[in-house]
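The values are calculated or read from the model by the stated rules, or taken from the named source; none is laboratory data. All figures in this text were calculated on a predicted structure; none of them were measured in a lab. Heads up, the Cβs are rebuilt from the backbone with ideal geometry, glycines too, and the neighbour counts pull from every protein chain shown. Remember, those area values only see protein heavy atoms, side chains included, never the ligands or the DNA or RNA. Shrake-Rupley method; radii C 1.70, N 1.55, O 1.52, S 1.80 Å.
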Amino acid sequence: EGFGRWTIAFAFLYNLLSALLAFVPVLLLNDLVSFFEAGADTATYKGFAHPWVEVFGLFLLPLLVSLFQTRHTVIMSHCATYTRAAVSTLIYQKSLRVSAAGKAQTSTGQIVNMMSNDAFQLQRFLQFAGLCAIAPVQIIIALVLIYRQVGSATWVGV
């Protein structure tokens with residue numbers, strides 16, 4: 001079995017990690033702004049980590065987000081391509097077994113249309129399914145972070 005449940009599960013895990021890690025630089029930047037507003041004294045600093053570690057995190061985290069998103073995209077593109085090939089093969093095999101009466105009702109063009117367009121739509125769905133699954137989580141996290149910054153004014157923009 002070349003492509004199984006675990007491969008797709010890892011792809012969704014990569015997508016989830018990239019979605020969650022994408023918000024961490026916002027938190028780090030907020031923490032750094034608080035640090036500089038307080039006078040930039042590392043002795044009394046009560047942030048996530050030392051300010052230089054947070055600055056390094058601002059460099060490292062977008063890199064990790066990009067790597068996780070790319071890995072997710074590659075895995076799901078392979079899955080979508082395999083699925084499209086399998087569906088096209090099944091439709092082609094079925095078209096070879098169609099009876100003479102069935103061939104009279106269905107033209108070769110209709111079969112080719114099913115093979116190309118319908119299989120392509122399935123391929124596109126698989127490529128973007130992860131984005132649709134993660135979008136509600138991202139929206140909720142973004143609303144919570146905005147609420148922490150501006151309070152009840154968040155709901156005016158929603």
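On the basis of being open to solvent by 60 Å² or more (accessible area, probe 1.4 Å), of a type outside the set (Gly, Ala, Ser), under 30 Å from Phe36 (Cα atoms) and in a helix (DSSP H, G or I), does Leu63 make the cut? Here the answer is yes, as Leu63 does meet what is asked. In the condition set (1) out of contact with any helix residue (DSSP H, G or I) (no Cβ under 6 Å at 6 or more places or on another chain); (2) surrounded by 13 or more Cβ atoms within 10 Å (Cβ to Cβ); (3) assigned to a helix (DSSP H, G or I), Val98 is compliant with all but (3).
Restricting attention to segment 14-56, report how many residues are part of a helix (DSSP H, G or I) and open to solvent by less than 80 Å² (accessible area, probe 1.4 Å).
The first filter runs over segment 14-56 and keeps only residues part of a helix (DSSP H, G or I), leaving 14-21, 24-37, 51-56.
Keeping just the survivors that are open to solvent by less than 80 Å² (accessible area, probe 1.4 Å) gives 14-21, 24-25, 27-28, 30-35, 51, 54-55.
The number of residues fulfilling the criteria is 21.
Of the residues screened, Ala119 is one that is of a type in the set (A, V, I, L, M, F, W, C) and open to solvent by less than 60 Å² (accessible area, probe 1.4 Å).
The combined condition, being within 17 Å of the chain's Cα centre (by Cα) and not basic (Lys, Arg), is fulfilled by Ala22. With respect to Thr73, determine if the residue is among the polar types (S, T, N, Q) and under 19 Å from Ala135 (Cα atoms). Answer is yes for this residue.
Quick one: would you say Ala142 is within 24 Å of the chain's Cα centre (by Cα) and either open to solvent by 40 Å² or more (accessible area, probe 1.4 Å) or at pLDDT 80 or above (or both)? Yes.
Within segment 66-92, the residues that satisfy the criterion of being of a type in the set (S, T, N, Q) and either outside any helix (DSSP H, G or I) or surrounded by fewer than 16 Cβ atoms within 10 Å (Cβ to Cβ) (or both) are Ser66, Thr70, Ser77, Thr81, Thr89.
Limited to segment 101-119, what total is found for residues that are part of a helix (DSSP H, G or I) and either small (Gly, Ala, Ser) or within 23 Å of Ala80 (Cβ to Cβ) (or both)?
Kept after step one, since they are part of a helix (DSSP H, G or I), are these residues of segment 101-119: 101-105, 108-119.
In the following step, the residues that additionally are either small (Gly, Ala, Ser) or within 23 Å of Ala80 (Cβ to Cβ) (or both) were identified as 101-102, 104, 109, 111-119.
Number of matching residues: 13.
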